[in-house]
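Asker: Please read through the structure below; I'll follow up with questions.
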Amino acid sequence: ASLKLTPDDADSVFAATKELSSYEVAALAFSPDGATVAVGTTVGQVKLFDAPTGDPLRALDDEKEKLADNDTPENRKSLRRAMGSVESLAFSADGRLLAVCGGSLEDFSRGDQGDDRAAERPGSGRLKVWYVGNASLEHDLSGLSEAHAVSFSPDGTILAGA
């Protein structure tokens with residue numbers, strides 16, 4: 001199956017954003033049962049797809065953090081985004097939770113993607129855990145200064161970020 005990562009309205013937003021250097025898939029994870037694939041992008045989008053068909057299921061959106069971020073350009077505020085950028089995704093053993101790590105919306109808005117100084121600023125969104133069933137944010141572990149990889153233990157009781 002092929003995945004349509006951006007709807008037409010998002011394509012027009014990206015085309016009109018001069019500060020956006022690239023839009024790329026940065027992380028990919030299959031649910032333990034293989035039915036769902038999660039895709040994370042360099043602009044902080046996390047989308048869930050039906051793996052066998054490629055049909056979109058839902059997108060994660062941290063509306064609260066987006067509203068608090070005054071630096072995001074207006075044309076980008078309409079996009080469903082889980083964080084500023086995504087670096088790693090991991091499903092829990094039962095497939096109910098999805099851990100996401102990467103840069104905060106604030107880092108992305110400032111243009112700090114790939115900037116080592118961004119790691120020195122703690123910020124919301126470095127590691128988040130979402131409930132897959134209704135795409136709700138369960139935990140925002142904002143005390144981390146940065147995380148580039150995330151994984152659940154096989155029994156799902158431990159979440160590790162590196």
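The values are calculated or read from the model by the stated rules, or taken from the named source; none is laboratory data. Computed from a prediction, not measured in an experiment: that's the story for all the values here. Cβ sites come from the backbone with ideal geometry, for glycine too, and all protein chains shown count toward neighbours. Calculation scope for accessible area: heavy atoms of the full protein, side chains included, ligands and nucleic acids excluded. Shrake-Rupley method; radii C 1.70, N 1.55, O 1.52, S 1.80 Å.
Asker: Yes or no: GLY123 outside any helix (DSSP H, G or I), modelled with pLDDT under 90 and under 17 Å from GLN45 (Cα atoms)? Write out each step before concluding.
Answerer: Numbers: outside any helix (DSSP H, G or I): yes; modelled with pLDDT under 90: yes; under 17 Å from GLN45 (Cα atoms): no.
No.
Asker: Just give me the residues in region 36-67 being open to solvent by less than 40 Å² (accessible area, probe 1.4 Å) and not in a strand (DSSP E or B), in sequence order.
Answerer: THR42, VAL43, GLY44, GLN45, ALA51, GLY54, ASP61, ASP62, GLU65, LYS66
Asker: Can you tell me which of LEU98, LEU89, LEU28 is surrounded by fewer than 19 Cβ atoms within 10 Å (Cβ to Cβ), in a strand (DSSP E or B), at pLDDT 95 or above and of a type in the set (A, V, I, L, M)?
Answerer: LEU28
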